1. In segment A:46-76, what count of residues is obtained for those that are part of a loop (DSSP other than H, G, I, E, B) and of a type in the set (Gly, Ala, Ser)?
2. Looking at segment B:20-37 only, could you name the residues that are more than 9 Å from every other protein chain (Cβ to nearest Cβ), modelled with pLDDT under 85 and surrounded by 14 or more Cβ atoms within 10 Å (Cβ to Cβ)?
3. May I ask you to say which residue of B:115, B:83, B:95, B:14 is of a type in the set (Asp, Glu), outside any strand (DSSP E or B), in contact with a Pro (Cβ under 7 Å, 6 or more places away or on another chain) and not assigned by TED's automatic domain parsing to the domain that holds residue B:371?
4. Right, residue B:147: at pLDDT 95 or above, more than 17 Å from residue B:256 (Cβ to Cβ) and touching a helix residue (DSSP H, G or I) at 6+ places or on another chain (Cβ under 9 Å) or not?
5. Taking residue B:83 as the residue in question, decide whether it is within 14 Å of chain A (Cβ to nearest Cβ) and either under 30 Å from residue B:166 (Cα atoms) or modelled with pLDDT of 95 or more (or both).
6. Among the residues of segment A:176-198, write down those that are among the small types (Gly, Ala, Ser) and either crowded, with 24+ Cβ neighbours inside 10 Å or not in a loop (DSSP other than H, G, I, E, B) (or both).
7. What's the number of the condition residue B:211 fails, among (1) outside the structural domain of residue B:149 (by TED's automatic domain parsing); (2) out of contact with any strand residue (DSSP E or B) (no Cβ under 6 Å at 6 or more places or on another chain)?
8. Here is a list of conditions, (1) surrounded by 20 or more Cβ atoms within 10 Å (Cβ to Cβ); (2) closer than 30 Å to residue B:402 by Cα; (3) touching a strand residue (DSSP E or B) at 6+ places or on another chain (Cβ under 6 Å), and residue A:143 meets all of them except one; can you say which number that is?
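The values are calculated or read from the model by the stated rules, or taken from the named source; none is laboratory data. Since the structure is predicted, the reported quantities are computational estimates derived from the model, not experimental observations. Note that each Cβ is placed from the backbone with ideal geometry, even for glycine, and that neighbours are counted across all protein chains shown.
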Amino acid sequence: MKVAVLMRYPRVERAAWKRALIEGLLERGYDVALVFGERSYAQHARAALKQYGLGAVKKRGEVAARPEPRLLGHFRDRGVPVVQVGDLNGEAGVRALRALAPDLLLLLGTGIIRKGVLDVPRVGTVHCHQGYLPTYRGVNTIEWALYHGDDVHITAHFVDPGIDTGRILQRERVALLPGDDVARVRERCQQAAVPLLLRTIDAIRDGTAEPIPQAAHEGRQYFAMHPFFVDQVNRLLRERYPAGGPANGHANAPANGQGNGLADGLADGQIDVRANGRH
Amino acid sequence: MTDLPYLVRRSLRDVLARERMQHVPFPMKLDGDEEHLRETMAWLLRAVEHGEGGVAGHYSLLHGRWLPPFPETTGYVVPTLFDYAALSGEPRYADAAVRLTEWLREVQHAGGDDDGGCMQGLYDRRRGKTRPIIFNTGQNVFGFLRAYAETGEERFMDSARRAGDFLARKVDARGVWNAALHHHIPHTYNARSAWALLELHEATGEARYAEVARANLDWAVAQQAENGWFRNAHFKPGELPNTHGLAYTTRGLLESYRLTREPAYLAAAQRTADKVLRLFEIRKHLYVFWDEGWQNHGKYFPRMRGRHVCVTGNVQFALVWMRLFELTGDAPYASSAFKMVDFVKTLQDLKSRHEGVRGGVPGAFPLFGSYASLKFPNWAAKFFAEALMLKRRLMEDERLVRPAPQQAEVAR
């Protein structure tokens, strides 16, 4: 099965979880190709500015200082086909993808992908959304779930032209741990996405995947959270899961005994897989 | 005399800022709410000093001076001045509010004829005189009622009743306002006048005020399209509705829901507020004119997509969203509103030595845009001050700081 992995920022992309995921695909025998958008310096700078504002310069420095290898060079050296285009949604991007003739597209942080691209793969396009679908669509859904006192989930789903409205493949709950803040939870969600996506893609290949359609009336699209609310989420996390608090074998159990506390029996860092499928 | 140097400098800055906004995240200014509020209120007080009895309508960079007062905006500035006096402990704001209300009484039509109790509009060139206007009269009810609540002076309540009586008299057979209107066309934004009548009903217990209000609110709801857009929300014949008028309508319906608990008013307000929130979140700000498909248009070249921002309308929708949070407890409304307030903070100049500019809120972004062009309107400052004070209250609201767990449909 041929999997085209779509990413942006070839000049800086070096996320360890993405590397682990791609290596996992290669180890499982998938025919993998990497397709990067934002090829030129100007495109990269513009995209970085859009994402991080003036903090892009600082971010660039931080990323460049990381010891991890750039994904582009790392996988090219291993013989994985790498394609760079200016705009993934542009004509050149679609042409490059058609030339690869993938069975599956895997989106790893690409922004919105248009229908022209989604029409290319034989089977479909898969993405791991950081939030429980269909309830939490859109952006900052980890933060909104935490703010609302809900458990944190990630969802693997097929991508359609809507915002996180495609058929749901698998969901997984991510444990909350003592000392957590939003950044740590986000990082853990990224790590949790690796095994979830590998299992999901295996299931698609093996024909055992059972996608669940989302109804139009279900869920809600969330937008970027104002920093005041992010501060509240971090404060609520500190109160519910203080650093050094008793793990108790209950990774999600708040220190004060309140809240959801539903991941009974989980050890630190374990992923609760019981939430897969529809409950 | 035109403030040309500032005008050129500011226009250039705005154009550059607008281009930058295409490439960077929300242009937030997270700190300094207190300073922005203090300077906005100081600007409003200067507008009172230059307002010939009322609140100067604008500071115009083109004319290089303060322009004459609008009775309707003077009416709704009064409660904001009282609110800030209570918050800041500075009685001069309350004194100014009382002076303004006295002026409103002076310009209120005193006769016992059919127009008694009304507020005149601006000079009508076609008729060669000023005319009674429903909207102006409705907005002054807010001022009279608040001044009465603060001072206990019966003359203010008397003025409120006379204004209310005029509004109740000027309805057609269906109970809808079809006369004494700006540009002689009905407007859904008179939902704000209906809200004022409901407030008067609350204060006096007189049922006819509520009956007229509800008839007009029902008419406004009937003007709403499925997608939240309103017919008859425009100010002038041939124009499209602008963000300011749509926000007037939405706020009127929302506050009327608060007073009547009529679910249709909340549903209508939410339909528009939700659509506009989505437009704001995707585009980062709200343009001036909207067609029935929520496409933005220019004023002078209607076929072109207008990219000018109606700043006051943006702030007014921030207020709508914050009030929606207060009424529904739905936190994402407040999050979007806070972002909008941060955006408008970036448009306010707090360092200028220019008294017409420092603390003022521009009508448009860029400054030369197609709403209150090259001006700082008093209502933009009023709504921004109101938004900052409401934001302050919300940031201490237990429902925001300690949200109750939501019964969302999430696997547990």
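1. 1
2. Residues satisfying the conditions are B:21, B:29.
3. One residue alone meets the criteria, B:115.
4. yes
5. no
6. Result: A:183, A:192, A:193.
7. Of the numbered conditions (1) outside the structural domain of residue B:149 (by TED's automatic domain parsing); (2) out of contact with any strand residue (DSSP E or B) (no Cβ under 6 Å at 6 or more places or on another chain), the odd one out for residue B:211 is (1).
8. The one condition residue A:143 does not meet is (3).
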